[in-house]
Amino acid sequence: MSAEARVEPGAPVLAVEDLHLTYVTADGDVPALRGVSLEVRSGEVLGLAGESGCGKSSLASTVLRLQPASARVSGRVLVSGEDVLTLRWGALRAVRWAGASIVFQGALHSLDPVQRVGHQIEEPIALHEPGTSPAERRRRVAELLEQVGLPAARARAYPHQLSGGQRQRVMIAMALACRPDLVVADEPTTALDVMVQAQVLALLSELVRGSGVAMVLISHDLSVLGQMSDRVAVMYAGRVVEQGPASAVLGDARHPYAAALSGAFPRVGDPAARFAPSGLPGDPPDLRSLPPGCPFAPRCHRAAPTCAEAEPALLPLAVPSGPTSAAGPAGPAGPAGPRERLAACVRLEES
Amino acid sequence: MTSHPDGPVLEARGVSVRFRTRAGEARALDGADLRVRAGEIVALVGESGSGKTTLARTLVGVQRPTEGQVLLDGTPLPTRAKALAPFRRRVQMVLQDPAGALNPRHTVYDSVAEGLRLHGLSQGADGRGEEQQVADALSAAGLRPPEPLFLRYPHELSGGQRQRVLIAGALALSPQLLVADEPVSALDASIRGEVLALLLSLRETLGLGVLVVTHDLGLAWNVADRTAVMYLGRVVEEGPTEQVLTDPQHPYTQALLSVVPEVEGLAPQVLRGEVPDPTHVPAGCRFHPRCPALADGRAEAAGVAAACRGTALPVLPIAEDGAHRAACHLVTPPG
Amino acid sequence: MSAPTLTPGALARRRRAESWRRGWSEFRTHRSGLVGLGVLVVFVLVALLAPVLADSDGLSVTKATGGVLEAPSAQYWLGTDDNGRSVLTLLIWGSQVSLMVGLLATVISMGIGTLVGLVSGYFGGVLGQVLFRVTEWVLVLPQLVLAIVLASLFDPSLLVISAVIGVTSWPGTALLIRAQTLSVKERAYLERSRVLGAGHLHLLRRHVLPNVVPMVFANTTLTVAIAILNETTLSFLGLGDPTRVSWGSMLEDAFSVGAITTGSWWYLLPPGLCVVGVVLAFTLVGQALESVLDPRLRGRR
């Protein structure tokens, strides 16, 4: 993907349209994604929230077509306008790294233990820009390391010589090596201590704001998402159940699941949370045998008999403040564009 | 809050734990004092490497202190394994990883009954048989009705259920104090609240005292009466949770609070680097190489900068009820 | 599980029966394991029914009815030996000795190996190190030479042969058990049990051993195979029990009367094939058991 092909500001770098993903296992089919639509523009951070098994990591890997070959996929994943799911292998390789790259959780296991980190950062550059000289590549590596707050000399270190936070920085440098338009960060700070997490998050948001890449940030920790994201999508049982501007979704969640999830992360100093931890009864549903109707209904304190009848669609919320959507200047996006404030719950009108 | 001044008290006094490593002697715990009473919940917070888990293991008697003592009701823990039995019945622990802390080959029933059998309590003094005691413990841990779970294996349970089985296994011995090491860090967010609510209700109904070891300040705010902050093997600040978390005195606690996303409205003070290696504890105040108050001249202005670099702080003593203390030259100037 | 009248003990037994059934249906998917099991069943039946299948008089040199080294015929299906005894009769009675020595030696070997492996893995420290070194030392000694030296010190009997084989073949088992123990030792449920007040004996019995035993189990079948081979070798070298016929002693006799030069294949081949058959069968069963009992191997077939 050359620099000229870059998308203009404001156009979606990533557009996911009605994506379905089903893992085929010995114990039956597991529908991990059931009709997900999202979009992310350049310079924007989309936070993906949800519990383990809700499909957020499946979504991340499908965006880079890293899902297992046996899985059934339908729908479209457009990265800078190209459908990743139908690309030929060579073109797909160009999209990985240069178009979109991924920062995994657990940096220790994603780095090759017997290669110097500088070499590992250099590898995608050598692969995607074969014209560059070794000296030029080394200069780029040094630049990247400094960009992520590591001294250039650390290029000669092996992964085990770095701390957890430093390794995560190396992973970020690798993800940025080919100047991608989109970075998918899957739980980038989960294994890190709060202080190091703060360092890595500060670095990530600086990079997004500075270079205008689009980012999908996946985390089970809503407070991290609240701090980092422009918009947040909450997933449950393979579907987006609520999405919208981060402050609105986290501060005033409409879907009962999203509300329960944000309640599980108390604000220190909030008297309402003192001696009152909030959570949800029950466990996430088994995807192999989803109940008919709303999959959240069995755990929902507001469930009505109608909830078990049909799965509610993801619909725009009536925004009380006026006709303009809370997502800002989305323009005439037509019916239910993916940028509006949306929620999938039949009981919303009754509240 | 509902602390029972006459109830049992578990105390660590000047506890140190040292390990020999290739890099030299590591001071995992370097003089820590802490107290938990029945009926109160104390949060022990810190980053990894701060020694919080070592202190918890020392308090339940599975880690022997190199120096200092653990006392239950003022009596030091016996060192002989046999003599520890009565102590074990009174002080129990819930481990961090519910998936790994249950033997995969044991049923829920066997796991919960294990403690009873070890202490020869299968025929309870109150006439309850083993089965009844197991059922009661599971119910108390919020697994109701308990019978359908008896013969399940750990891999057939959800994460939240496993954590409750672990809690039930500890409760079966009717302990007075419970040490919970990161009780919810392996659980999904929605289940987290349920388990924390269980800890609170056990405090209410059984008068249990709980020490919660965690890296999560939001959890401390959720459940703890008192909060102790550890840094590099020592408690550096301790006091009522409201005071410690909303009016922190120690620069480390201040920095920690400023960066956790659960706290709003504080300018983030991101400390450089990571917790130093416990084989090289800095001289003077152990926090001084990373201390923002020393870096921005506040310590200089208060005239304690030299002390920060050169004068070691005494072990923070156990505070009397309600007191809030911090081990910092700025808070308690030397001399 | 819905029957409230059953006690937890009875229910636990039912659960255990269920898991045995599951294991068996998993085992049945291994065709080679089934073949091995079938062969073993045949051999064990033959050994048990030897008095019915062949008159023990056929073992006596003085009561021998056939000629010297007769080729197979309708009367002597596998021909006769140099004393005129039926080779088939010898073979049937020989299976008793071979299987018995194999099993007995395995029990001894597994016993020593499991004990040494458990103790050296669990306790570590000086005791663990010493045991580990001893294990390694015995492992590097040539097993057969050691067995020959030991066997020649005692009057040969079934028990002595079994003991000699058992005492020289445990280090492999010990190392395996030790490695498994070391990994189980670090599991969090041991720490939990310790907090509950468990001592070493309880931890070993309730937590370490049950998690190590499947390995022992799979390893047992492989050890039996080796023990039978060793018995054959020792008997072949003339160190076996002279009063009992075994496959090994048959091979020795055949060899010493020059069955090879005279072309008396019926004397040499059957015991050899029986040894190979039993050893192979045990190995096949062992491999199948290993994958049934080790969940990590289960998916990989």
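The values are calculated or read from the model by the stated rules, or taken from the named source; none is laboratory data. Bear in mind the structure is a predicted one, so any value in this text is a computation, not a measurement. Cβ sites come from the backbone with ideal geometry, for glycine too, and all protein chains shown count toward neighbours.
Any idea which of C:Leu103, C:Leu144, C:Leu150 is over 30 Å from B:Glu114 (Cα atoms) and touching a helix residue (DSSP H, G or I) at 6+ places or on another chain (Cβ under 6 Å)?
On the way: C:Leu103 fails: touching a helix residue (DSSP H, G or I) at 6+ places or on another chain (Cβ under 6 Å); C:Leu144 fails: touching a helix residue (DSSP H, G or I) at 6+ places or on another chain (Cβ under 6 Å).
Exactly one of C:Leu103, C:Leu144, C:Leu150 is over 30 Å from B:Glu114 (Cα atoms) and touching a helix residue (DSSP H, G or I) at 6+ places or on another chain (Cβ under 6 Å), namely C:Leu150.
Which condition number does B:Pro86 fail, the rest of (1) more than 11 Å from chain C (Cβ to nearest Cβ); (2) surrounded by fewer than 23 Cβ atoms within 10 Å (Cβ to Cβ); (3) over 22 Å from B:Val213 (Cα atoms); (4) under 25 Å from the mean Cα position of the chain (by Cα) being met?
Here B:Pro86 clears every test but (1).
Looking only at the range B:185-219, filter to residues that are within 9 Å of chain A (Cβ to nearest Cβ), hydrophobic (A, V, I, L, M, F, W, C) and crowded, with 21+ Cβ neighbours inside 10 Å; which one of those is farthest from B:Ala140 (Cα to Cα)? Spell out how you get there, then give the answer.
Of all residues in the range B:185-219, those within 9 Å of chain A (Cβ to nearest Cβ) come to B:188-197, B:199-200, B:215-219.
Within this subset, residues satisfying the condition of being hydrophobic (A, V, I, L, M, F, W, C) are B:189, B:191, B:195-197, B:199-200, B:217, B:219.
From the residues that got through so far, the ones that are crowded, with 21+ Cβ neighbours inside 10 Å too are B:189, B:191, B:195-196, B:199, B:217, B:219.
Values: B:Ala189: 22, B:Ile191: 17, B:Val195: 12, B:Leu196: 14, B:Leu199: 10, B:Leu217: 26, B:Leu219: 22 Å.
The selected residue is B:Leu217.
Of the residues that sit in the range C:204-220 and are under 24 Å from the mean Cα position of the chain (by Cα) and hydrophobic (A, V, I, L, M, F, W, C), which one is nearest to C:Ser169 (Cα to Cα)?
Checked the range C:204-220; the qualifying residue nearest to C:Ser169 (Cα to Cα) is C:Val216.
Tell me which of these B:Leu72 doesn't satisfy, since it passes every other one: (1) away from chain C (no Cβ under 11 Å); (2) over 30 Å from B:Ala26 (Cα atoms); (3) in contact with a Pro (Cβ under 7 Å, 6 or more places away or on another chain).
(2)
Conditions: (1) within 18 Å of the chain's Cα centre (by Cα); (2) surrounded by 20 or more Cβ atoms within 10 Å (Cβ to Cβ). B:Gln69 meets all but one. Number of the miss?
B:Gln69 satisfies all of (1) within 18 Å of the chain's Cα centre (by Cα); (2) surrounded by 20 or more Cβ atoms within 10 Å (Cβ to Cβ) except (2).
Test each condition in (1) more than 7 Å from chain C (Cβ to nearest Cβ); (2) without any contact (Cβ under 8 Å) to a residue 40 or more places away in the chain for B:Leu118 and report the one that comes out false.
Result: B:Leu118 passes all but (1).
Give the range B:89-102 a look and list any residue that's farther than 10 Å from B:Arg162 by Cβ, in a loop (DSSP other than H, G, I, E, B) and facing another protein chain (nearest Cβ under 7 Å), or say none. I'd like the intermediate steps shown before the answer.
At the first step, the residues of the range B:89-102 found to be farther than 10 Å from B:Arg162 by Cβ are B:89-96.
Those still in the list that are in a loop (DSSP other than H, G, I, E, B) too: B:95-96.
Of everything in the range B:89-102, just one residue is farther than 10 Å from B:Arg162 by Cβ, in a loop (DSSP other than H, G, I, E, B) and facing another protein chain (nearest Cβ under 7 Å), namely B:Leu95.
Among the helices (runs of 4 or more DSSP H) confined wholly to the range B:220-327, which include 1 or more residues that are of a type outside the set (Val, Ile, Thr) and more than 14 Å from chain A (Cβ to nearest Cβ)? First the steps, then the outcome.
Working: elements: B:241-246, B:251-259, B:292-295, B:298-301, B:305-310.
The helices (runs of 4 or more DSSP H) meeting that bar are B:292-295, B:298-301, B:305-310.
Looking at (1) buried (at least 18 other Cβ atoms within 10 Å of the Cβ); (2) hydroxyl-bearing (Ser, Thr, Tyr); (3) touching a residue at least 24 places away in the same chain (Cβ under 8 Å), find the lone condition where C:Ser193 falls short.
Just one mismatch for C:Ser193, condition (3).
Can you name every one of the helices (runs of 4 or more DSSP H) wholly within the range C:74-156 that holds 2 or more residues which are crowded, with 19+ Cβ neighbours inside 10 Å and at pLDDT below 90? Before you say what the answer is, go through the steps one by one.
On the way: elements: C:87-123, C:125-140, C:143-153.
Ranges flagged: C:87-123, C:143-153.
In a helix (DSSP H, G or I) and in contact with a Gly (Cβ under 6 Å, 6 or more places away or on another chain): does that describe A:Leu261?
Details: in a helix (DSSP H, G or I): yes; in contact with a Gly (Cβ under 6 Å, 6 or more places away or on another chain): no.
In short, no.
Just to confirm my filter: which helices (runs of 4 or more DSSP H) fall fully inside the range C:188-301 and include at least 1 residues that are at pLDDT below 80, farther than 30 Å from B:Leu118 by Cβ and of a type in the set (Ser, Thr, Tyr)?
On the way: elements: C:188-196, C:209-236, C:247-256, C:259-262, C:265-293, C:295-298.
Answer list for the range C:188-301: C:209-236, C:265-293.
Would you confirm whether or not the range B:44-58 contains a residue that is within 14 Å of chain C (Cβ to nearest Cβ), closer than 14 Å to B:Leu173 by Cβ and in a helix (DSSP H, G or I)? It would help to see each step written out before you state the result.
Filtering the range B:44-58 for residues within 14 Å of chain C (Cβ to nearest Cβ) gives B:53-54, B:56-58.
Checking the rest, the ones that are also closer than 14 Å to B:Leu173 by Cβ come to none.
Among the residues of the range B:44-58, not one is within 14 Å of chain C (Cβ to nearest Cβ), closer than 14 Å to B:Leu173 by Cβ and in a helix (DSSP H, G or I), which makes the answer no.
Looking at A:Arg254, A:Arg231, can you tell me which residue is under 23 Å from A:Leu78 (Cβ atoms) and either touching a strand residue (DSSP E or B) at 6+ places or on another chain (Cβ under 9 Å) or surrounded by fewer than 23 Cβ atoms within 10 Å (Cβ to Cβ) (or both)?
Going through A:Arg254, A:Arg231 in turn, just one is under 23 Å from A:Leu78 (Cβ atoms) and either touching a strand residue (DSSP E or B) at 6+ places or on another chain (Cβ under 9 Å) or surrounded by fewer than 23 Cβ atoms within 10 Å (Cβ to Cβ) (or both): A:Arg231.
What are the residue pairs meeting all of these: first residue in the range A:252-272, first residue at the interface with chain B (Cβ under 7 Å from one of its Cβ atoms), second residue of a type in the set (Asp, Glu) and crowded, with 24+ Cβ neighbours inside 10 Å, Cβ atoms under 6 Å, and 6 or more apart or on different chains?
A:Arg267/B:Glu262; A:Val268/B:Glu262
With the requirement that a residue be within 16 Å of A:Gly165 (Cα to Cα) and more than 16 Å from the chain's Cα centre (by Cα), what does the range A:201-234 give you?
Correct list: A:Ala202, A:Leu203.
Show me the strands (runs of 3 or more DSSP E) found entirely inside the range A:15-132 where at least 3 residues are farther than 21 Å from A:Ala237 by Cβ. Before you say what the answer is, go through the steps one by one.
Values: elements: A:28-41, A:45-49, A:72-79, A:100-103.
In the range A:15-132, A:28-41, A:72-79, A:100-103 are the strands (runs of 3 or more DSSP E) which contain 3 or more residues that are farther than 21 Å from A:Ala237 by Cβ.
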